[in-house]
Amino acid sequence: MSDTPLEHLIDRYRDGRVSRRTFLRQGVALGLSMSSISLILDACGAGSSGSSKELHLLMEDIDETNYVEAVLPQFTKETGIKVSIEKITYEAMHDKLVPQLSAGKGKSEYDLIQVDVPWTKEFVDAGWLLNLSDYLSKSTEVKLSEFIPSTVESNGIINGQPFMVPFYHYAYGFLFRRDILENDVLGNAFEKEYGAPWAVPTTLKDFERFAEFIAAREGTSKLAGTVMLAKREENGLEWLNYLYANGGDFLRNGKSALLEPEAVESLEIYGRLLSKASQPGANNAAFNEGQATMEAGKGASWIIYLWMQTALNTSKSAIAGKMGLARIPGQAGVMAAWGWAIPTASPKQAQAWELLQYLASYPVSLKRALMGAEPVRPAIYENAEVLAKWPEYKEHYQIALHSKIEPDALRTIAGQEALSLDLYEATSGKKSARAALESFSSKNLV
Amino acid sequence: MASNAIGARLGAFGAGRALGGGRWLFVTPALIAITGVLGVPIAYALHLSFDKDILDQPAVHGFNGIHNYTAFLHDGLFWTSVENTLLLSIGAVVVQFVLGFAIALCLARSNLRGRNTYLSILLIPMLMPYVAGGLIWLLLLNPTQGIVNYLLGLVGGPQPAWLASPTLARLTIIFVDSWHNTAWTVFILLSGLLMLPQESLDAASIDGAGKLRTFRYIILPLMKPVILVALIIRLIASLMTFDLIYVMTGGGPGTATETLSFYIYKLGFKSLNIGEAAAASIVFLGVVIGLVVLLMRMLPDPTAA
């Protein structure tokens, strides 16, 4: 006895009760209508596909995400919830998140997301991120007080409310090639020319001298004095390190400090290094290109995230094991952090919190750190097992503690975009450094 | 001719009259599809263009008059993007036309063997998605690790940073766009060349006209409608180029390659200002429609005696 309309039709055809033409016509109609109904039901269904036993994440395609993937099987075993991660490049993340987060209650495809500093305020203002106060107050696994304060301050608290839990930080440090600093030929030549020791630079001006010396001697195509990322939307954060390193700031006593001598000088140094000491094409270089330049052995140094030291040293490249790390030459560098957040449009907020709690908990954070993830908990940085495996984390922790978070002006995309364009005007010679900073200051974003 | 008479009888309204009121039944499915896919989004965009709608300011909402239109018209970046759009589009179309015509003339030779093979090879870039092509060229043109600079270095040539200076970045975009789309121009112009009346060309040859004179006084005038179609369609497509810019330069260095479509994308996706982005899109749509109308007017009337 046939059950479904399709089986009924097949039976009738076999019995000769319908012609072949009728069979084909009705068969196609049945097939199309079933597909259409299925599609319509899917479209009308509650956003995130799959059952409540599945969670979908959107993450950046970098090592940190691989470490998260590695700890998910245990979560699935403990809770029965499967987790899938969509990995994409940083440049595409914001564009993918906006339509999903604005889709409406229960309609987001993503249940847990990682959010960067310039997006958080905008997402919170739009009502797209869940306030985590309730969850945090009841949690025994995750307390914001257990994280490095600047990682929470950088990205987790908006208008006094917690919307994120730190995932990993990208505080900046000064990465340098140990083999270059151990090169006696270079060292002797430098000491002869400048009468100064061939050592890790400790001020911004020392760094400028160091980078320009290498570039002039080797040629930037062969070995850049420093790798720089001056592509639009990348140069702002990079220059911010120069500003802080030179003792400058965005605000002092509530007033703009961008026209103070330290700030102007930092931009002048940034511009000179870009034109004389950086790798060819630095003007349009983004993070992946910078990494490729370093891995090809064509950069002597790089002001970049601390976690890149581990990534480069463990890479299968010409410079594996050769990267040293020091503080940004000068007074301070930038601290910024990615955070875990739950979209208000997610239909599985409770399960998403369960996953967030699991990933941010001490035991799982420890597992990730042992793989190479950059910790955000002081306790992990001080863990003997972690330090035995990654002794450089001792320095990472000190650098993280002494780094400064981004100013409010740069915690929005509009602010970063505006700064980026003004910086470009300065570094391309269209405006002086002072005029460029005046232009940015006049936009009332500071 | 008989076929023209039949064509005239079976012209849209002729056929319609023959079929009676049922003619609309045949076009309804297409109309529904066009309305759904095109009409509704455009109407909604038009509605949004008069609304104050900024996604991260949900409390700010409501009718905004023509403010969205005047806002971006006062933005210097908008005019920069218009200038860039014209530069890149016209530059790309000129290159594609000149190169495409030259290739089409070579392929149109009656004694050419292997024409289909050449056409197949030319087709390859065109079949590649813009994003894939852009990424491939981004790697090839990397200043320190790309093969182009490596080969240039071997012969002692310059090894510039192709996307780091405004002028070079624009030329590179034009080059990659042309690499991708010249084949389309070749196909259109080649079909036109192959349809040229051989008698006219033979007559010119008999009268002693050289290749240059034949090209100038016979081929070009006869090819005028085909050339116009090719130019305008390529111009419309070039004006809307977005993926290449997104992948290769992100609108940079600075704002050197920020086109109108990229500007609109930034307004909508970065600034989250949906109202202004919709207004800019409507203006852009108007320009493109204007070009389409121009194209339709330039096309010859097939029913003219």
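Rule-based calculations on the coordinates, nothing more; no lab input. Keep in mind the model is a prediction, meaning the values are calculated, not measured. Please note: Cβ atoms are built from the backbone with ideal geometry, for glycine as well, and neighbour counts cover all protein chains shown.
Based on the Cβ-Cβ distance from A:K82 to B:L194, what FRET efficiency comes out when R0 is 56 Å, to the nearest 0.05? Write out the running numbers ahead of the final one.
Values: r = 58 Å, r/R0 = 1.04.
About 0.45, to the nearest 0.05.
Taking 1.306 mPa s as the viscosity and 10 °C as the temperature, the Stokes-Einstein diffusion coefficient of the stretch B:225-305 based on its alpha-carbon Kirkwood radius rounds to 110 µm²/s. Based on the reciprocal of the average 1/r between different C-alpha atoms, the Kirkwood radius for chain A equals 24.3 Å.
At full extension, A:D408 and A:S137 could sit 94.9 nm farther apart than now, given 0.36 nm per residue minus the alpha carbon distance.
Computed as a quarter of the hull surface, the mean projected area of the alpha carbon convex hull for the stretch A:260-381 stands at 11.2 nm². Give, as ranges by residue number, the residues of the stretch A:265-287 whose backbone N falls under 13 Å from the point 7 Å along Cα→Cβ of A:K205. So the set is A:265-266, A:269.
Given their separation in residues at 0.36 nm each and the Cα-Cα distance between them, A:F23 and A:N66 gain 10.3 nm when the chain is fully extended.
With an 8 Å Cα cut-off and a minimum separation of 6 or more residues, compute the relative contact order for the stretch B:34-110 in percent.
Value for the stretch B:34-110: 16 percent.
For a modelled paramagnetic label at B:L119, 7 Å from Cα along Cα-to-Cβ, the residues of the stretch B:173-191 in reach, with backbone nitrogen under 14 Å, are B:183-191.
Over the stretch A:104-250, consider all pairs of different Cα atoms and compute the Kirkwood hydrodynamic radius from their mean reciprocal separation; express it in Å, one decimal.
Details: mean 1/r = 0.0521 Å⁻¹.
The Cα-based Kirkwood calculation yields 19.2 Å.
With θ taken as phi - 60° and the Karplus curve 6.51 cos²θ - 1.76 cosθ + 1.60 applied, the whole-hertz 3J(HN,Hα) list for the stretch A:316-331 is 8, 9, 5, 10, 4, x, 9, 8, x, 9, 9, 5, 3, x, x, 7 Hz, x standing for glycine and proline. Summing +1 for each Lys or Arg and -1 for each Asp or Glu among the other residues whose beta-carbon sits under 15 angstrom from that of A:K404 gives -3. Sorted ascending by nearby beta carbons within 10 Å, beginning with the fewest, B:F175, B:F26, B:F72, A:F163 become B:F26, B:F175, B:F72, A:F163. The C-alpha atoms of chain A define a longest principal axis, and helix A:5-14 lies at about 50 degrees to it. Computed on chain B, with alpha-carbon pairs under 8 angstrom and 6+ residues apart, the relative contact order is 28 percent. In summary, the stretch A:343-446 shows an alpha-carbon radius of gyration equal to 1.60 times the 2.2 N^0.38 Å reference for compact globular proteins. Dipole of the stretch A:329-440 computed with +1 at Lys/Arg Cβ and -1 at Asp/Glu Cβ about the Cα centre; of A:T412, A:P347, A:F440, farthest Cα towards the positive end is A:P347. In the protein assembly as shown, if the dipole is taken from +1 on Lys/Arg beta carbons and -1 on Asp/Glu beta carbons about the Cα centre, which of B:V27, A:L251, B:L73 is farthest to the positive end? The residue sitting farthest along the positive end of the dipole is B:V27. Taking other C-beta atoms within 10 Å as the exposure proxy, A:H396, A:H402, A:H169 rank A:H402, A:H396, A:H169 from fewest upward. Each of B:V283, A:F190, B:V37 was scored by the projection of its Cα onto the charge dipole of the protein assembly as shown, and the greatest displacement toward the positive side belongs to B:V37; charges sit on the C-beta of Lys, Arg, Asp and Glu.
Hydrodynamic analysis of the protein assembly as shown uses the Kirkwood radius over alpha carbon pairs. Inserted into Stokes-Einstein at 20 °C and 1.002 mPa s, it gives a translational diffusion coefficient of 71 µm²/s.
For each of A:R17, A:R177, A:R209, B:R297, count neighbouring Cβ atoms within 10 Å of the residue's Cβ, then give the residues from fewest to most.
B:R297, A:R17, A:R209, A:R177
Rounded to the nearest whole angstrom, the semi-axes of the ellipsoid equivalent to the stretch B:76-298, taken from the Cα gyration tensor as √(5λ), stand at 36, 25, 14, largest first.
What's the Kirkwood radius of the stretch B:228-273 in Å, using all Cα pairs? It would help to have the intermediate numbers written out before the result.
On the way: mean 1/r = 0.0879 Å⁻¹.
When all Cα pairs of the stretch B:228-273 are included, the Kirkwood radius is 11.4 Å.
Just list whichever of A:K87/A:K107; A:K430/B:K52; A:K143/A:K322 have alpha carbons separated by over 28 Å in the model shown. List each step's numbers first, then the result.
On the way: A:K87/A:K107 20 Å; A:K430/B:K52 35 Å; A:K143/A:K322 37 Å.
Exceeds cut-off: A:K430/B:K52; A:K143/A:K322.
Efficiency by 1/(1 + (r/R0)^6): what FRET value for A:K322 and B:V155, r their Cβ-Cβ distance, R0 = 25 Å, to the nearest 0.05? Once rounded, the FRET efficiency stands at 0.15.
DSSP beta bridges confined to the protein assembly as shown are antiparallel in about 65 percent of cases. Over the stretch B:78-173, all Cα pairs binned in 5 Å intervals from 0 give whole-percent P(r) values of 2, 10, 13, 17, 18, 18, 12, 7, 2, 0, 0, listed from short to long.
Dipole size of the protein assembly as shown about its Cα centre, with +1 on Lys/Arg Cβ and -1 on Asp/Glu Cβ: approximately 2620 debye, rounded to the nearest 20.
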